[in-house]
């Protein structure tokens, strides 16, 4: 693999927004505290960000509460919300390069992918939910006697959204857009590693005409700001994306406070199952991308690759070859495939899993080390000869580390694939319709990709089985989690039909 | 609702001689010559309002040819027909006159755009972006469109500019939002089968729209068809061909691929009939009169059995219960009937009033009608412009005479207004009985018929005693009355304490002879989608 490539010719925009965004204003935190956000290419400080603590969360919730209880947002027609959201999407499109640069420098993500894919995608997602805002239908019901009954789908209220650092922009709109379309007001905490783009989106939201208090962005740490959100007595719903361990804390805090419903999109150890009839070269490419995309920092990463014995040897050879050609380096360099891990902590965690894998007796086929001596770059790493009870097979590593395992029969593959506490995603590579159908129904996971991977779409819900969480992001399912159902019932007399 | 200029000819050609409703016999006797309006000066006019000097619309007539395959072209025959200013009966512009050959060319273009073109193969998101861009362009050109609409149709300019154009834009935003949310189902099977439904565009849609809301009817038809990925041949009403051509041009500027939306101007019996009977049109949607709707359905049946959506006539009841606030009820009932010169398929044309408040209601309704400002629709403050054309104008006056002859009491109005154009006085009849022609037929003009009732059961029976079932209005404060009436009335829309609320998401259509199918809302998508069930066996599934 190549060494660190130089992307230094890229001119960074100045950082415009570093304070909390509450009630339509950028404000200092009440405590005056700040934290540093770091450039993972170098470990250097990009800028200091106001740090939200409990008091700031209270202020944000107050603003969101007023905006919900007496503001225009939930009271305007869905079509009007849609128009404002559409304007927001247009403003994002006008600022794609700047936002892409913010995410690239803050998260170490590939700049050209952000500019060409992820950031324009946020505008698309906002338009999708804008288009749904005027299509929130209740139902007229069929009671068993002389009653007239119908359901009203009402916005659930003030929602707390806590998003991770791996897709700062996508996660922001995936949570915020359906909540706003539903008519809710929002208090959003971005990850402390990646607060920059969220603040920029908030600025554009205000420009687009989203009323003050409807969208509040409060950067800070999970244990402080996050905990204040999840345990807040005046937040009606929390949607969280992050690790399974933290998800447990979120749910506990919700239970200990006001029993707010939560939706959790958590970790995964997703299988990609490759059958003998697959095109080996394509399968190797797909599996490689399945683990290396976004440096392996993606909850649905295909981190366990099961390959049928007939093509196993050839597959192993090819996937190692491809991994060695994978370019790790500065994410601003367009030739680079993989930037640095997001933080020192993650970087060290991944390296320790690699060491653990070696100690447990797995075979290291390629990679296993850091790249260069600066920043948090890690070589694409592949282990074979793994056992199902090994830590590198059981745990979510959240880095560029693939474990490769041979299997004989469909039944064995299904059993192995399901042998995990997670159930977020799965991939199947086969030409056989029967295998595709059988396996897609047998895998206990929220999304199954057949002959593709990471095939996301605004209209395609995804989320977890088992300890990968509950609730769905994307699609109309995501809208429903921000709605309450109210049944309205009244007697009718002398109705000509029932 | 659309009595075409040559409807009588069409009827005599297509329907058997045994057809004899009041409407048909009336229509048979209509003057066919478009110059006939000059001979109707015998009607005297009152002084409810004067039709003074007319404002000349400051808008160019840019497009008068057919729009086929992305290009403006003359009619194959080279023929044109005049489109008139209903304020004067004078010609605005000659317009390309479509006939069989033009329809054939348009269908060929639409077929190619559907079978080969990028449109149905595009992502739904790309389609929705084009619809959104079109809506933006319409907003930019809304002054021009509104002026053209009023000029060609005669509706108040304020109504066109401030109500209809924003609703038009809104409808395209709405349908843009549907494009990427058209869901099939995965379906449970009784055995080991994997079953799913694909919702596919139906193909080439033929759409025939009326003259009373030329732009809004364009949006109701074109919006869902395009959101679903279909291609279109649209025939406009011969009275109002202008705005659709400009709108379709803007659609192409917004990025609509050529051949996806083709607009042909022309008459019903020629261009309309060619479209309805075309063997390569996969779907037909028609809004117009019930009589023409029958012909359309028959032509579809005789040709390729294309499914047909029909949105036809009405004689909608507006029921004022005894607990109603009379002043509010009077205003709403007045609006329900007189809006758009009474040229609404859903007009509240039978005003049923409870006997306890009948006298007061009547007096106030009459006063309100006398206050109605009729005049040049371009003038600010004018509530009512001219009827669309001489045929409608004469038909309305004929019905008024019929009302008088059948001994209904003419409370006010009853005649033309001025000596030029097609203006009709706001007219109110009281003592109207259920069997009178004015209580049975769709008049489609500014003629309010007020009927008295005693109790709810009676008014339900009488309100439903019509061949139509398009809409109904209910005015009451009582939740039980509202609940009973909303279910008992056999109509596609029931407005309670409101009327003519036409949001994009609210479905609209008829029971009985008011039509088939629903437009607007999620229901409208089903008109333009085929459902394909896909079934395959499952081997060793984890569950079924």
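What follows draws every value from the coordinates through simple rules; no lab data is involved. Here the structure is a predicted model, which means the values were calculated and not measured. Using ideal geometry, Cβ is built from the backbone for each residue, glycine included, and neighbour counts are taken over all protein chains shown.
Tabulated values for the structure
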item	result
Cβ-Cβ FRET estimate between residue B:497 and residue A:432, R0 fixed at 56 Å, reported to 0.05	0.35
Segment B:286-329 - Kirkwood radius from inverse mean 1/r over Cα pairs (Å)	13.1
Helix B:290-302 vs. chain B, principal-axis angle (Cα, 0 to 90°, nearest 10)	30
Length gained when the stretch residue A:391-residue A:140 is fully extended (0.36 nm per residue, less Cα-Cα span)	85.2 nm
Crossing angle, helix B:100-115 versus chain B [Cα axis fit, 0-90 degrees, rounded to tens]	40
Pairwise centroid distance, computed over Cα atoms, of segment B:307-326 with segment A:414-434, Å	57
Convex hull projection area averaged over all views, chain B, Cα basis, nm²	26.1
Efficiency of FRET between residue A:75 and residue B:380 - r from beta-carbon atoms, R0 35 angstrom, step 0.05	0.65
Fraction of beta bridges assigned by DSSP in chain A that are antiparallel (%, nearest 5)	45
Dimensions in Å of segment A:271-450 - Rg and Dmax from alpha carbons	15.5, 49
Largest-first ellipsoid semi-axes for segment A:364-407, taking √(5λ) over the Cα gyration tensor eigenvalues, angstrom	23, 11, 7
On Cα atoms only, tilt of A:96-107 relative to the major axis of chain A in degrees	60
Segment B:159-268 - percent relative contact order, Cα under 8 Å, separation 6 or more	24
Expected-Rg normalisation [2.2 N^0.38 Å, Cα atoms] applied to segment B:136-243	1.39
Cα centroid separation, segment A:58-134 to segment A:299-314 (Å)	37
Stokes-Einstein translational diffusion, segment B:356-414 - Kirkwood Rh over all Cα pairs, 0.692 mPa s, 37 °C, in µm²/s	245
Per residue convex hull volume, Cα atoms of segment A:10-122, in Å³	116
Estimated Rh, segment A:191-253: Kirkwood, alpha-carbon pairs, angstrom	13.1
Projected-area average for segment A:62-206 over all orientations - Cα convex hull basis, square nanometres	9.9
Separation in nanometres of the label points that stand 7 Å from Cα toward Cβ, at residue B:431 and residue A:455	7.5
The protein assembly as shown - mean residue ellipticity at 222 nm from DSSP helices (-39,500 (n - 2.57) per run, n ≥ 4, rounded to 500)	-11000 deg cm²/dmol
For chain A, the Rg and Dmax computed from alpha carbons only, in angstrom	23.5, 83
Label point distance in nm, residue B:401-residue B:302, each placed 7 Å from Cα along Cα→Cβ	3.3
Inter-label distance for residue B:544 and residue A:369, nm, one decimal - labels placed 7 Å from Cα along Cα-to-Cβ	5.7
Kirkwood-based shape ratio for segment B:282-405, expressed as Rg/Rh from alpha carbons	1.08
Alpha-carbon gyration tensor eigenvalues x 5, square-rooted, for segment B:64-124, Å	31, 14, 8
Separation between Cα centres of segment B:77-141 and segment A:458-486, rounded to whole Å	41
Relative contact order %, chain B, counting alpha carbon pairs below 8 Å whose residues are six or more apart	20
Peptide B:118-128 - average C-beta neighbours from other chains (10 Å radius)	2
Alpha carbon convex hull of the protein assembly as shown, projected area averaged over orientations, nm²	44.2
Förster radius 60 Å - calculated FRET efficiency between residue A:28 and residue B:328 (Cβ-Cβ, nearest 0.05)	0.65
Radius ratio Rg over Rh of segment A:398-472, counting only Cα atoms, Kirkwood formula for Rh	0.96
Antiparallel bridge percentage (DSSP; both residues within the protein assembly as shown; nearest 5)	45
Antiparallel content of DSSP bridges confined to segment A:271-450, in %, to 5	15
